[in-house]
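Some notes on the structure that comes next.
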Amino acid sequence: MSLYKFSPEPINTNQPLSSNLFSRLQTDILTGKIRSGEKLTEQRICEQYSVSRTPVREALRQLETDGLVESIPNRGAYVIGLSEQDIDDMYQLRKIYEVQAVRWAVERITDKELDQLEETFEFMEFYTMKCDKEKMLNINTHFHQLIYSASHNRMLQHMLASYQIYIKHIRTTPRDDDEYLRTVFDEHRAIFNAIKARDAEAGARAMEIHMDNSKARSIK
């Protein structure tokens, strides 16, 4: 099956072509639409997206840097994808970084950032009560991003943003029942309360529990 049937949407002209191509190809690889071992050819990608070879080559270089593609001399670029071990390692590393982000956020969060986090938490509560899974989980992502920002560590923010992209695409579809949303919300309540109380140890414990549960929910 050809990979070029998986991305029917037009190129987003508001982004650089190479970045847009990279995101589209990355998504198809992470979701398994482009299978491990499949060859990526410049010519066919150019034809699909009506772009020149320059942005295609840059996108392929980015995919290789990410470890999703391997360029073999005289043969071309082949998809590597993610193994089960890769995914397990990713979850473990993400947990380490998320816990550290909470510790630093407790120490470094400003009053304005805490107000933003509280407002986001209240929106999470509202959409949990409304049983709106899509909006609640989108705000969930924003909640974590605010913690990354409050850590005031750019390297950590960059790494966790990358992990979020990967986890978003490789995890299974969340359950639809109300209990699932309440459980996720309660885990975030513990994280928020610890940050608000400036309790780094409680925040670290709450985030570690959340990460372990998130992994268990995502890879069932």
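Might you check whether a residue that is aromatic (F, W, Y) and either closer than 29 Å to E84 by Cβ or exposed (fewer than 15 other Cβ atoms within 10 Å of the Cβ) (or both) occurs anywhere in segment 183-196? Checking segment 183-196: not a single residue is aromatic (F, W, Y) and either closer than 29 Å to E84 by Cβ or exposed (fewer than 15 other Cβ atoms within 10 Å of the Cβ) (or both). The set of residues in segment 50-78 being acidic (D, E) and under 19 Å from the mean Cα position of the chain (by Cα) consists of E64, D66. For R94, indicate whether it is modelled with pLDDT of 95 or more and over 16 Å from the mean Cα position of the chain (by Cα). It is false that R94 is modelled with pLDDT of 95 or more and over 16 Å from the mean Cα position of the chain (by Cα). Just so you know, in segment 1-16 the residues that are in a helix (DSSP H, G or I) and under 19 Å from L68 (Cα atoms) include one that is modelled with the highest pLDDT, and it is L3. Suppose we keep only residues that are under 17 Å from M90 (Cβ atoms) and among the aromatic types (F, W, Y) within segment 133-170. Which one would you say is least open to solvent (accessible area, probe 1.4 Å)? The selected residue is Y148. Cβ-Cβ distances below 7 Å connect the following pairs, each with a first residue in segment 165-184 that is under 12 Å from S214 (Cβ atoms) and at pLDDT below 70, a second residue that is hydrophobic (A, V, I, L, M, F, W, C) and in a helix (DSSP H, G or I), and a separation of six or more residues or different chains: P174/L137.
Counting the residues of segment 109-130 that are surrounded by 14 or more Cβ atoms within 10 Å (Cβ to Cβ), over 16 Å from R189 (Cβ atoms) and free of Cβ contacts under 8 Å to residues at least 60 places away in the same chain gives 2. Criterion first (modelled with pLDDT under 95 and part of a helix (DSSP H, G or I)) does M159 satisfy it? Criteria met by M159.
The values are calculated or read from the model by the stated rules, or taken from the named source; none is laboratory data. Small disclaimer: the values here were computed from a predicted structure and weren't measured. Glycine gets a Cβ as well: all are built from the backbone with ideal geometry, and neighbour counts include every protein chain shown. Please note that ligands, DNA and RNA were not included when accessible areas were found on the heavy atoms of the full protein model with its side chains. Shrake-Rupley method; radii C 1.70, N 1.55, O 1.52, S 1.80 Å.
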